[in-house]
Amino acid sequence: MNKERTYLLAMIAVALLASIPQIPVDMKVWGLILVLVGLVGGVMLKYDDVVQRLLIYVVAVTLPMFADSLDYIPAVGSWVNGLLDNMAIGVQGLAVGVFAMGLMARIRA
C-alpha cells in the first residue's frame, strides 16, 4: 500500500471516529488529530502536479459548503454532514502542508 493511500485512510478513519457522538472525546482533540494527519500527509507526500494541488485547495474550501446541504436528508443527513466537515478539517491540514512544501521549494530554487 502506498503512502498516499495510508494517509487518506488514516484521515478517513479519524474523521469517522470523530463523527460518532458516543465517543467521549472533545472535538478539539479530534480536530487536532485531523489537522496533524493532514499536515503530515501534505509534508510527506509529493504533490508535484499543479492540478492535484489546486484540487486539494478547492476541496479544502468547498467541501464544508457542499456538506451543509446534506442536513436536509431526514435520517442521516446531519451525521454525513459532520463526517464531511471532519474530512474537510483533514484536507485543510493537507492543503497547509502542501502549500508550505511548495513555498519551501520555491524559496530553495
Every pair of residues 6+ apart whose Cβ atoms lie under 7 Å, when the first sits in the range 15-33 and is without any contact (Cβ under 8 Å) to a residue 24 or more places away in the chain while the second is loosely packed, with under 11 Cβ neighbours inside 10 Å: Leu17/Ile23
Check on Arg53, surrounded by 12 or more Cβ atoms within 10 Å (Cβ to Cβ) and basic (Lys, Arg): yes
Extreme residue, modelled with the lowest pLDDT, among residues of the range 47-78 that are of a type in the set (Phe, Trp, Tyr) and within 23 Å of Leu36 (Cα to Cα): Tyr47
Residue in the range 57-80 that is among the β-branched types (Val, Ile, Thr), in contact (Cβ under 8 Å) with a residue 12 or more places away in the chain, assigned to a helix (DSSP H, G or I) and more than 20 Å from Met101 (Cα to Cα) present: yes
Filter result for Ile33 (assigned to a helix (DSSP H, G or I), among the β-branched types (Val, Ile, Thr) and buried (at least 17 other Cβ atoms within 10 Å of the Cβ)): yes
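The values are calculated or read from the model by the stated rules, or taken from the named source; none is laboratory data. What you see is a predicted model, and the numbers here were worked out from it, not measured in a lab. With ideal geometry, Cβ positions are generated from the backbone for all residues, glycine too; neighbour counts draw on all protein chains shown.
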